[in-house]
1. As a footprinting exposure proxy, order 115, 69 by other Cβ within 10 Å, with the fewest listed first.
2. Based on the alpha carbon coordinates of the chain, what radius of gyration and maximum Cα-Cα distance (Dmax) apply, in Å?
3. Can you tell me what share of the DSSP beta bridges in the stretch 3-144 is antiparallel? A percent to the nearest 5 is fine.
4. Rounded to the nearest 500 deg cm²/dmol, what is the calculated helix-only ellipticity per residue at 222 nm for the chain, with -39500 (n - 2.57) per DSSP H run of length n ≥ 4?
Ligand SMILES: Cc1cc2nc3c(=O)[nH]c(=O)nc-3n(C[C@H](O)[C@H](O)[C@H](O)COP(=O)(O)O)c2cc1C
């Protein structure tokens with residue numbers, strides 16, 4: 001069964017609500033196993049065992065969270081050759097401007113040569129029903145690309 005790995009930093013109730021919506025969306029694709037790991041505890045073994053990855057982070061000082069950066073620092077060289085073409089998606093939540101966080105992630109995933117399979121999801125402020133629906137759709141879209 002293909003495995004979707006969610007690597008997330010979830011430091012607030014807002015991001016917890018986002019993560020729960022992501023879980024719900026991924027669960028819609030029953031043919032895909034979901035593995036959810038906090039970014040500070042995820043490592044190369046998790047990534048090498050995954051068929052796709054969904055990254056989630058708050059925007060922090062115009063960048064991805066230190067936790068997600070730590071994940072990339074940990075996995076970059078161990079996974080550089082083995083994960084070329086890995087399907088991925090990303091969500092970022094911020095107060096008002098997620099652009100620096102998103103571009104920092106895209107620089108690293110570009111260097112890793114991962115394949116973005118869904119539009120990046122940028123959320124600001126308290127997430128409403130449409131935002132949470134977008135989280136579910138993102139997770140379901142990334143999961144669905146792993147089938148077949
Ligand atoms: C140190 C720090 C830096 C932050 N930097 C940004 C930023 O650059 N852009 C942004 O949109 N939000 C920024 N935020 C807001 C966080 O992204 C936001 O708190 C997080 O997504 C959780 O949302 P919540 O506080 O509504 O629960 C920052 C928050 C902190 C604590």
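Only the coordinates and a few stated rules stand behind these numbers; no lab work does. Everything quoted here is computed from the prediction, not taken from an experiment. Cβ placement follows ideal geometry from the backbone for every residue including glycine, while neighbour counts extend to all protein chains displayed.
1. The most exposed by this proxy come first: 115, 69.
2. 13.8, 40
3. Beta bridges within the stretch 3-144, antiparallel portion: roughly 10 percent.
4. The per-residue figure over the chain is -13500 deg cm²/dmol.
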